[in-house]
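Chemist: To start, I am sharing the structure in question, which I have written as structure tokens.
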Amino acid sequence: MKHIIAFAGSDSKTSINKQLATYAASLVDGADVTVLDLNDFKLPVYSMNLELSDGIPDNAQKFLDRVKSSDGIVLSLAEHNGTYATVFKNLFDWMSRLDGKLWSNKPMLLMATSPGARGGSTGLQIAQGRFGFMGGNIVGSFSLPSFGDNFLDGKITNKELNDQLLEEVNQLAESI
């Protein structure tokens, strides 16, 4: 059985991106899914001085170990001010100090959503451009616009958007 990790690039306790990642991962037939929460991997703000004085925090290694032990990744990024959220960027920075190719070429479904009509697409585009340099193997991507209008009771209610997501989920499933 293939093991997938799913998580949001957010620490919101009511994260809409975590809801989307959880839903998308549930659509991968026959996969064992672990939903991770960034709140379980608290890290100090990255700085070179802190790394030199205290080393790399255990939680960065623990999260990286989860990535490396998976067969695939479902990640939905929260967008703050046109890029991914600081909490995710911080985790990303710490993990990159352990392994510059931190995504380990694992097949990844990369997504974003937001309350607005653009669905976090700006942050998603930035990640798509960056992750490949960091061992990212993005096999599918999806942006869900207007989360409140298109997602209810744990699923996408707009058939056209749900069909688009299913195509991307199938790409991930075929890649793992």
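Chemist: Being of a type in the set (Gly, Ala, Ser) and either touching a helix residue (DSSP H, G or I) at 6+ places or on another chain (Cβ under 6 Å) or closer than 22 Å to VAL28 by Cα (or both) is the filter here, so list the residues in segment 42-96 that pass it.
Modeler: Selection gives ALA60, SER69, SER70, GLY72, SER76, ALA78, GLY82.
Chemist: Restricting to segment 128-147, name every residue that is without any contact (Cβ under 8 Å) to a residue 60 or more places away in the chain and not polar (S, T, N, Q).
Modeler: Across segment 128-147, the qualifying residues are GLY129, ARG130, PHE131, GLY132, PHE133, MET134, GLY135, GLY136, ILE138, VAL139, GLY140, PRO145.
Chemist: Of all the helices (runs of 4 or more DSSP H) wholly in segment 86-170, which have at least 1 residues that are surrounded by 14 or more Cβ atoms within 10 Å (Cβ to Cβ) and in contact with a Pro (Cβ under 7 Å, 6 or more places away or on another chain)?
Modeler: Because the criterion is at least 1 residues that are surrounded by 14 or more Cβ atoms within 10 Å (Cβ to Cβ) and in contact with a Pro (Cβ under 7 Å, 6 or more places away or on another chain), the helices (runs of 4 or more DSSP H) in segment 86-170 that meet it are 86-98, 147-150.
Chemist: Would you be able to tell me the number of residues in segment 20-33 that are surrounded by fewer than 18 Cβ atoms within 10 Å (Cβ to Cβ) and in contact (Cβ under 8 Å) with a residue 12 or more places away in the chain?
Modeler: 3
Chemist: Just checking, does segment 103-119 include any residue being touching a strand residue (DSSP E or B) at 6+ places or on another chain (Cβ under 6 Å), closer than 22 Å to ASN81 by Cα, hydroxyl-bearing (Ser, Thr, Tyr) and touching a residue at least 12 places away in the same chain (Cβ under 8 Å)?
Modeler: The answer is yes, given that some residue of segment 103-119 is touching a strand residue (DSSP E or B) at 6+ places or on another chain (Cβ under 6 Å), closer than 22 Å to ASN81 by Cα, hydroxyl-bearing (Ser, Thr, Tyr) and touching a residue at least 12 places away in the same chain (Cβ under 8 Å).
Chemist: Checking the condition in contact (Cβ under 8 Å) with a residue 40 or more places away in the chain and part of a strand (DSSP E or B), which residue from LEU75, LEU43 passes?
Modeler: LEU75
A short reminder: the numbers here are calculations on the coordinates, not readings from a lab. Note that the coordinates shown come from a computational prediction; the quantities given were computed from them, not determined experimentally. A quick note on method: Cβ atoms are made from the backbone with ideal geometry, for glycine too, and the neighbour counts reach across all protein chains shown.
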